[in-house]
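Input: a single structure, listed below in structure tokens.
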Amino acid sequence: MEAITGRFPELTLPLHVSVSDKNRRGPTGLVAAHVTEVPLPHDSTIVLAEGIRCVSPEHLAVQMATQLSLLELVFLLGEILGLYAICPSREEGMFRRSRPLTTKRDILDHLDALGPTRGTRLVRHALVLACERSATPLETKLTMRLCLKPSLGGYHLNVLSVTDPLEVVRLGKGLRRGVRRPDVMLGSRKGPAPYSGVSFDFSDDDRQAPTGSDRGTRRQSDLLAINFKGYVLTKALYDDIEYMDDVVARARADLGLPKQRLTKFESARRRRLGLMLYGELEAMDGITWHGRGRGRLGDETSATHSGHVTELAPVDAHALYQPCP
């Protein structure tokens, strides 16, 4: 134990370890042992140093699945499959990666190799809802709000991609071909639509130089030139449940989706579930996991009269965004 903590002083106790024998649990308070039920595939661990191994990203999701709520597991997968790692000790609250730690395909292959053991079914379910290549925790949360079904508080839209490259016409650049990477890209599930797609991008203009606004406007115009409608969000707008309801209604129309005709009761129910989802996502900092026993927050009093919702557990990274080049 001293050899490990000495070489990796940033580790916090207790260390969670996998053991094959329940009698080899290690010293109480220093180690939290988890007994493995089946032989682990070769890709379950990665080598940190001689004699020291760490659980692989693919197996981490399986190990944590039974301790997390479904939404927490989807959020964790968003980080594992994303281009960021939450790290509160850094000024930005996270650091960026050039590529994801793993892919959905690799995780599914690992689940197949494990067989029907504890946690695998939960991970398979969460993978369907998880996004790949998200650049920030806030993008992951936005994607969850947009794609989850109304029964979970989401808008149930068809998310095509997150930060994937899209070929555009660069206005003011001689109409040369270029690439934009919208934070979240939505598409229609059926039939013709006024626009080929809809994008949502986060902006942070109030903390950028004046050129930041111009860059955001150019991005929107480049998308419009190929018949993609672009919406820009700030964290404040993301927090405003009434604004989000309205902008999603416009996005649905842009995608040629039928107008939702809800009863007064159903509208109120969806608003309540949307607030609950927002609250749960704000409570997720990527470090402290409340676990499955926490259940839904259900705190509908967090909405203010202006339609905004107070943050429950903010982390600096949640509001961090660097515009696409």
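The values are calculated or read from the model by the stated rules, or taken from the named source; none is laboratory data. Keep in mind it's a predicted model, so treat the numbers as computed, not measured. Positions of Cβ are generated from backbone atoms using ideal geometry, with glycine treated the same way; all protein chains shown enter the neighbour counts. With ligands, DNA and RNA removed, areas are computed over all heavy atoms of the protein, side chains included. Shrake-Rupley method; radii C 1.70, N 1.55, O 1.52, S 1.80 Å.
A few points about this structure:
- Any hit, the stretch 51-61, residues being within 28 Å of Tyr238 (Cα to Cα), in a helix (DSSP H, G or I), in contact (Cβ under 8 Å) with a residue 12 or more places away in the chain and open to solvent by 30 Å² or more (accessible area, probe 1.4 Å): no
- Residues that are closer than 22 Å to Leu160 by Cβ and at pLDDT below 95 do not occur anywhere in the stretch 264-287.
- Every pair of residues 6+ apart whose Cβ atoms lie under 8 Å, when the first sits in the stretch 274-290 and is of a type in the set (Val, Ile, Thr) while the second is assigned to a loop (DSSP other than H, G, I, E, B): Ile287/Pro88; Ile287/Val315; Thr288/Ala313
- Verdict on Thr102 being modelled with pLDDT of 95 or more and within 22 Å of Ala126 (Cα to Cα): yes
- Out of Val47, Val31, sole residue that is open to solvent by less than 70 Å² (accessible area, probe 1.4 Å), at pLDDT below 90 and of a type outside the set (Gly, Ala, Ser): Val31
The rows are residues; the columns are (1) open to solvent by less than 60 Å² (accessible area, probe 1.4 Å); (2) over 15 Å from the mean Cα position of the chain (by Cα); (3) charged (D, E, K, R); (4) modelled with pLDDT of 90 or more.
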residue: Cys131; (1), (2), (3), (4): yes, no, no, yes
residue: Thr136; (1), (2), (3), (4): yes, no, no, yes
residue: Lys149; (1), (2), (3), (4): no, yes, yes, yes
residue: Asn158; (1), (2), (3), (4): yes, yes, no, yes
residue: Gly174; (1), (2), (3), (4): no, yes, no, no
residue: Gly197; (1), (2), (3), (4): yes, yes, no, yes
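- Residue that is farthest from Gly216 (Cα to Cα), among those in the stretch 251-281 that are surrounded by fewer than 13 Cβ atoms within 10 Å (Cβ to Cβ) and basic (Lys, Arg): Lys264
- The set of residues from the stretch 67-82 being in a loop (DSSP other than H, G, I, E, B) and buried (at least 21 other Cβ atoms within 10 Å of the Cβ) comprises Leu68, Leu81, Gly82.
- Residue satisfying condition, being polar (S, T, N, Q), in contact with a Lys or Arg (Cβ under 6 Å, 6 or more places away or on another chain) and within 22 Å of Ala85 (Cβ to Cβ), within set Thr163, Thr143, Thr136: Thr163
- The lone criterion from (1) modelled with pLDDT under 95; (2) in contact with a strand residue (DSSP E or B) (Cβ under 9 Å, 6 or more places away or on another chain); (3) open to solvent by less than 40 Å² (accessible area, probe 1.4 Å) left unmet by Pro88 is number (3).
- Residues of the stretch 102-111 that are more than 19 Å from Leu148 (Cβ to Cβ) and either open to solvent by 10 Å² or more (accessible area, probe 1.4 Å) or not in a helix (DSSP H, G or I) (or both): Thr102, Thr103, Arg105, Asp106, Leu108, Asp109.
- Check on Arg97, of a type outside the set (Gly, Ala, Ser) and open to solvent by 50 Å² or more (accessible area, probe 1.4 Å): no
- Residue within the stretch 112-123 that is within 27 Å of Arg218 (Cβ to Cβ), in contact with a helix residue (DSSP H, G or I) (Cβ under 8 Å, 6 or more places away or on another chain) and assigned to a loop (DSSP other than H, G, I, E, B) present: no
One line per residue, one yes/no per condition, for (1) buried (at least 20 other Cβ atoms within 10 Å of the Cβ); (2) assigned to a loop (DSSP other than H, G, I, E, B); (3) modelled with pLDDT of 95 or more; (4) within 22 Å of the chain's Cα centre (by Cα):
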position	(1), (2), (3), (4)
Val128	no, no, yes, yes
Leu146	yes, no, yes, yes
Asp164	no, yes, yes, yes
Lys190	no, yes, no, no
Pro194	no, yes, yes, no
Arg215	no, no, no, no
Ser221	no, no, no, no
